[in-house]
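The values are calculated or read from the model by the stated rules, or taken from the named source; none is laboratory data. Keep in mind that what you see is a predicted model, and the values were worked out from it rather than measured. All Cβ positions, even for glycine, are placed from backbone atoms using ideal geometry, and neighbour counts span all protein chains on display. SASA here: full protein model, heavy atoms, side chains in, ligands and nucleic acids out. Shrake-Rupley method; radii C 1.70, N 1.55, O 1.52, S 1.80 Å.
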Amino acid sequence: MVDKHVTFGDLKGVLTLALQRVFGGDTRLRFRPSFFPFTEPSTEIDVACFLCGGSDPVCRICKGTGWMELLGAGMIDPNVFRFVGYDPEVVSGFAFGLGIERIAMRRYQINDIRLFFSNDLRFLRQF
C-alpha cells in the first residue's frame with residue numbers, strides 16, 4: 001500500500017483486520033520486531049498456536065512458544081521510493097509477504113507443513 005501519510009498504524013490495522021477476517025475475530029496476533037532488507041521498521045506477525053496453545057514443549061507448530069510465524073511486513077524504505085522515482089517526503093507505504101502454506105495450516109489445522117510438499121494426492125485433494 002503506497003499513498004500519502006501511510007503509517008505503521010495503518011499496516012497494523014489492515015493486517016489485523018485481514019487476518020481476523022480469515023481466521024476469526026478472536027484470533028490472537030503478535031507483532032515482533034524483525035529485519036527485512038527493503039522495509040524499516042519491519043515486523044513478523046505470529047498467530048496463536050492452534051495445536052497446543054503453548055503448553056507442549058515439543059509441539060510441531062510452535063515448539064512450546066504458543067505462536068506460529070505467519071508473515072513478515074514493514075514500512076517501505078525511503079531508498080526504495082527514490083529508486084523508483086517517488087518522493088519519500090510525499091509518499092509512504094507498507095509491504096508484506098506470507099507463505100500460503102502457513103495460512104492453510106492455521107485455517108485447516110494442519111499440524112505438519114511437510115504434508116504440502118509430500119505430493120500425496122490423498123492429502124492434497126482435500127483442498
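A search for C-beta distances below 9 Å between a residue of region 1-15 that is in contact (Cβ under 8 Å) with a residue 60 or more places away in the chain and any residue that is of a type in the set (D, E, K, R) and open to solvent by 70 Å² or more (accessible area, probe 1.4 Å), counting only pairs 6+ apart in sequence or on different chains, returns D10/D3.
Within the set S55, S34, S42, the sole residue that is farther than 25 Å from F127 by Cα, modelled with pLDDT under 95 and among the polar types (S, T, N, Q) turns out to be S55. Considering only residues in region 1-18 that are of a type in the set (V, I, T) and more than 16 Å from the chain's Cα centre (by Cα), the one that is least open to solvent (accessible area, probe 1.4 Å) turns out to be V6. Annotation: T43 fulfils all but one of (1) touching a residue at least 40 places away in the same chain (Cβ under 8 Å); (2) touching a Phe, Trp or Tyr at 6+ places or on another chain (Cβ under 8 Å); the unmet one is (1).
Of I76, I100, I110, which residue is within 19 Å of the chain's Cα centre (by Cα), open to solvent by 40 Å² or more (accessible area, probe 1.4 Å) and among the β-branched types (V, I, T)? Matching residue, one of I76, I100, I110: I100. Among the residues examined, R82 qualifies as at pLDDT 95 or above, out of contact with any strand residue (DSSP E or B) (no Cβ under 7 Å at 6 or more places or on another chain) and exposed (fewer than 15 other Cβ atoms within 10 Å of the Cβ). In this structure, is R21 basic (K, R), at negative phi and in contact (Cβ under 8 Å) with a residue 12 or more places away in the chain? No; evaluated as a whole, the condition is false for this residue. Of all residues in region 47-68, those that are free of Cβ contacts under 8 Å to residues at least 60 places away in the same chain have Cβ atoms under 8 Å from Cβ atoms of residues that are open to solvent by 10 Å² or more (accessible area, probe 1.4 Å) and aromatic (F, W, Y), 6 or more apart or on another chain, in V47/F23; V47/W67; A48/W67; C49/W67; G54/W67; I61/F50; M68/F50. The lone criterion from (1) surrounded by 17 or more Cβ atoms within 10 Å (Cβ to Cβ); (2) in contact with a helix residue (DSSP H, G or I) (Cβ under 7 Å, 6 or more places away or on another chain) left unmet by I61 is number (2). Within region 19-52, if we keep just the residues that are among the small types (G, A, S) and within 23 Å of Q109 (Cα to Cα), the residue that is surrounded by the fewest Cβ atoms within 10 Å (Cβ to Cβ) turns out to be G25.
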